[in-house]
Every structure is written in structure tokens, then in C-alpha cells.
1. Among the residues of the range 125-137, is any in contact with a Leu (Cβ under 9 Å, 6 or more places away or on another chain) and acidic (Asp, Glu)?
2. Among ASP124, ASP165, which is the only one that is surrounded by 15 or more Cβ atoms within 10 Å (Cβ to Cβ) and more than 13 Å from the ligand (Cβ to nearest atom)?
3. Give THR344, THR338, THR279 a once-over and let me know the one that is assigned to a loop (DSSP other than H, G, I, E, B) and touching a strand residue (DSSP E or B) at 6+ places or on another chain (Cβ under 9 Å).
4. For the structure I just gave you, tell me whether ASP53 is in contact (Cβ under 8 Å) with a residue 12 or more places away in the chain, closer than 24 Å to PRO140 by Cβ, surrounded by fewer than 23 Cβ atoms within 10 Å (Cβ to Cβ) and not aromatic (Phe, Trp, Tyr).
5. Looking at this structure, is ARG40 at pLDDT 95 or above, of a type outside the set (Ser, Thr, Tyr) and more than 9 Å from the ligand (Cβ to nearest atom)?
6. So, of the residues in the range 133-158 that are of a type in the set (Gly, Ala, Ser) and at negative phi, which turns out to be farthest from the ligand (Cβ to nearest atom)?
7. Six or more apart or on different chains, Cβ atoms under 6 Å: show the pairs whose first residue is in the range 238-252 and part of a helix (DSSP H, G or I) and basic (Lys, Arg) and whose second is at pLDDT 90 or above and buried (at least 19 other Cβ atoms within 10 Å of the Cβ).
8. Suppose we keep only residues that are hydroxyl-bearing (Ser, Thr, Tyr) and in a loop (DSSP other than H, G, I, E, B) within the range 49-93. Which one would you say is farthest from GLN183 (Cα to Cα)?
Amino acid sequence: MSHPLHGRHHSVVVIGGGQAGLSMSHCLRGRGIDHVVLERDEIGHEWRDRRWDTFCLVTPNWQCQLPGFPYRGPDPDGFMGRAEIVSYVREYAKTFELPVIEGVEATRLRLTPHGFLVRTSQGDVTAEQVVLATGPYQVPLIPRMAERLPESLVQLHSSQYRNPDGLPPGEVLVVGTGQSGCQIAEDLHLAGRRVHLAVGSAPRVARRYRGRDVVAWLDEMGYYRRGIDEFADADAVRFRANHYVTGRDGGHDIDLRAFAREGMRLYGRLRGFSSGAFTFDQDLRKNLDAADAVSEGIKDSIDAYISSHGIDAPSEARYVPVWQPSVEPTELALSGITSVVWCTGFGRDHRWIDVPIFDGRGYPTHDRGVTSCEGLYFLGLPWQYTWGSGRFCGVAADAEFLAGRIELLHRGGRSSEVRWLAGSPPGTYESDDWVAPRTVA
Ligand SMILES: Cc1cc2nc3c(=O)[nH]c(=O)nc-3n(C[C@H](O)[C@H](O)[C@H](O)COP(=O)(O)OP(=O)(O)OC[C@H]3O[C@@H](n4cnc5c(N)ncnc54)[C@H](O)[C@@H]3O)c2cc1C
């Protein structure tokens, strides 16, 4: 069978056609560097296929700053819904006629004596340099206790949840209170479903404070420009859960205590399942207090900024908890529960990348996306360099930075031993041809 891409060579192959891969493509185009973007599905499908119906951005639209394509819609302070986000991303590729090939999956990446070999579902492609823009949230994570739950229970990961009607009638257990868990719990709650929510340790942030969206304050305060190297606890910052808040209906706080007052049942972290009941840690009070403390701490820093810069901003009363757990429930009987929505996050699967650049946790060793293998880069990792790296607002700066590094090698800065030799037949390298990458300091 002949594969349409087999034998193609590009200076750069970008793997992944989400906002990161497209941003990279735009920056490479601007520098006149020949490249192709390989996307296994369709542009924008992560937003289209793995978000729920009422999904909205939590970051304001003005933060959508793809390179050369800032948000220009009518509602910069609003929060695009799922369909608008898909259009924004697809329109980007279309406007600049970016060289994306959809429906092509990269299944293996190797370094040969002559450059990179990308094995794809459509044949082998070779490249001098490769950018991995395969997404920050790849593999849905579900704790293995799920396997022990009765088959009668419908179980979904947050990436599979669409709307309340997609679940059978009855009570729902939502596990996890990151952004997805809180927003899905709210979606079900607003639809009148009885929700049981296992509350974890994710922090929260207020939507607005002292007359402005908190994101606007933090932006003005320079928070989004801070590099990861400015943080003493860089690792903790990089892997910390996102703050919960929502852009739904124009944007508002998510206050789990208010939900509880309205009838949602809150529990601590889900511990397990035994004798027909879910069991929980006794940390509900602690988790709610900690989330509020983070939110109030952010307000403290906004207050300090306002005062040190003599800004005329309205004063605002601080948050007062509207509900406290009288007891810490440690069990929830299965009866009545018909579904579980696991909002337990995502992992990454890099097993197909056959280049030794990973650390003991499987996380790629890199500095601002430049890996220890010359010519190999990541783009779009959460906190790759700044808060916005894995989001719409910071990917442009990262892509531009990488484009500069790629151009340096492209214009002749690359060591001769791994430079691609034009004319070498691609796709014929066996394991003996695999070479250890030249590590860069
Ligand atoms: C629930 C949720 C809410 C979010 N809310 C916001 C928000 O409000 N604001 C914000 O700025 N960000 C938000 N983000 C974060 C971020 O903007 C998105 O995750 C975004 O999709 C990341 O873009 P990306 O291009 O890096 O990755 P993705 O959009 O995941 O794109 C990666 C692409 O690579 C493709 N791919 C993967 N592996 C291969 C392969 N081997 N071969 C070929 N193609 C491959 C995939 O098909 C995919 O299309 C949110 C994320 C989630 C999960």
C-alpha cells in the first residue's frame, strides 16, 4: 500500500495541529522556514470533541492572542463558548493558509544519523527539526478503583461528559474540583440534578474584584509574564491544579459552599469504594478553607498593587463563607447514584517518542521547550515558561522564542553530524541506525 506522505522531507515537522502547533507554524512561516504540521484528527477537535456543551473559556477573550491573530470579536471581556473557540482556531489556520495535514498521526519519532524520522499513519517523513505540540491534556486519567464499581453505574471522564441529559436519571457523583469538576458539577446542579461532589485541594480564584476581572488585574501586575525560573518552587508551580472559576453566563465565581447551601452534597477527597459505599477523607473543611485562602490571597496582592500604584478602584467587601460543613461525611451509599463523572485530570503519553529526553517521571527535560536533544522542541506544555504557556495567552511568546532557536539551527548553526543529508532515503532506518542525540548544554 502506498502512503501519500512517505518520503517527504521538511526542514521542520510540527506534530499536533492545535493552537500551539498552528502558532508554531505561523512563526516559522514568518521566518520563511519550510515546514508541515501533522494533525491526527481535525484542527480544533480537542475543543469540539472533549468539552461539554455549555463549556466556556475561563480566560477572557482578550487573552486569545494567537500570533498574528488576536481576538477581534465583539466581546473582548466575555468568554467564548465551545463552538466559537473551534471557529477561532480553525479560522486561524485558514486565514494564514497554514500547511496543516489533517488525519495524519505521528506514531513514532526517532533520531537517525541523518536527522529525525517521523513514522506516521501515512508513511515516513523526515525532518531536520521537530516540534512536539501534541497538547497538554492528552490521556484522560481515571483512578483504578473505577474498575471495581458496579457495571450498572454509568462512568464518564470529564472529557466525555456533554450535558445532564447524557446521564441516566438519578443522582450523580462528581469526583474532583479542578476547573472541569467544578463547572460540570455546576452544570448538573443548574439542571436540577442531585450532585454529590468529592472536593479536592484545587485552589479557587474570584472572577472579579474591585471593579475588574481578576485576570485583568493579574495581567496588569505582570503575573502572566513571570517566567518559571523566577519561582523557587518551580516544580510545584508547574504541576499545581488550576484555580477554579467560570466564564459561564458572562463569568462568575464558583463557590462550592453556595452550592452546598442550595442542596449539593459535598465530601472530602474520594478515598475508595467498599461494601457498597464510596468513602471519603475527612478533609472537606480543610479543602474549602484552603481554596478560599488562595482566592483571598490573590485579592490581598491586588489590594497591595492598587495601593502601591495609587489606583482609584472601588473598594469591595471580602468573601465571607456562606456555609460550613457541620459534619465531615465519610461515606456515600451507592443506592440512588446512577452515574459518576471523573474529573480527575489528564496525563501525557510520550511512549511513541523514541528519544531519551524524559526525566524519572516521564516529563520531558527542557528549557523553555528546548529539549536536551538538539533540534527537538516541545510547545504548549503547562508552564512551559509562563502561566500562559499552555493557554491561549502565552503560546505566542513561546512559539516565537522557539522559532528563533529553530532558525539558528536552520541557518547553519547545527552540528554537522546530525544535519540532514539531502537525498538519503527516508523510512529505511532500523534500530542500528538510531543514534544518541547530541545533548546541548
Ligand atoms: C477543560 C479545559 C479547559 C481549558 N480552558 C482554557 C481557557 O479557558 N483558556 C485557555 O487559554 N486555555 C484553556 N485550556 C488549556 C488549553 O488552551 C487547551 O488545552 C488547548 O487545547 C491546548 O492547545 P494545544 O495546541 O497545546 O493542544 P491541543 O489543543 O490538545 O492540540 C494538540 C493536537 O495534537 C494532536 N496530536 C496529538 N498527538 C498527535 C500525534 N501523535 N500525531 C498527530 N497529531 C497529534 C491532537 O489531535 C490535537 O489536535 C483548557 C484546557 C482544558 C482541558
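1. Yes - at least one qualifying residue is present in the range 125-137.
2. Criteria check complete, one pass: ASP124.
3. THR344
4. Considered against the rule, which asks whether it is in contact (Cβ under 8 Å) with a residue 12 or more places away in the chain, closer than 24 Å to PRO140 by Cβ, surrounded by fewer than 23 Cβ atoms within 10 Å (Cβ to Cβ) and not aromatic (Phe, Trp, Tyr), ASP53 comes out as yes.
5. Judged against the criteria, ARG40 is not a match.
6. SER152
7. The qualifying pairs are ARG238/TRP383; ARG248/CYS56.
8. TYR71
The values are calculated or read from the model by the stated rules, or taken from the named source; none is laboratory data. This one's a predicted model, so the numbers in the text were calculated from it and none came from an experiment. As a convention, Cβ positions derive from the backbone with ideal geometry for all residues, glycine included, and neighbour counts pool all protein chains shown.
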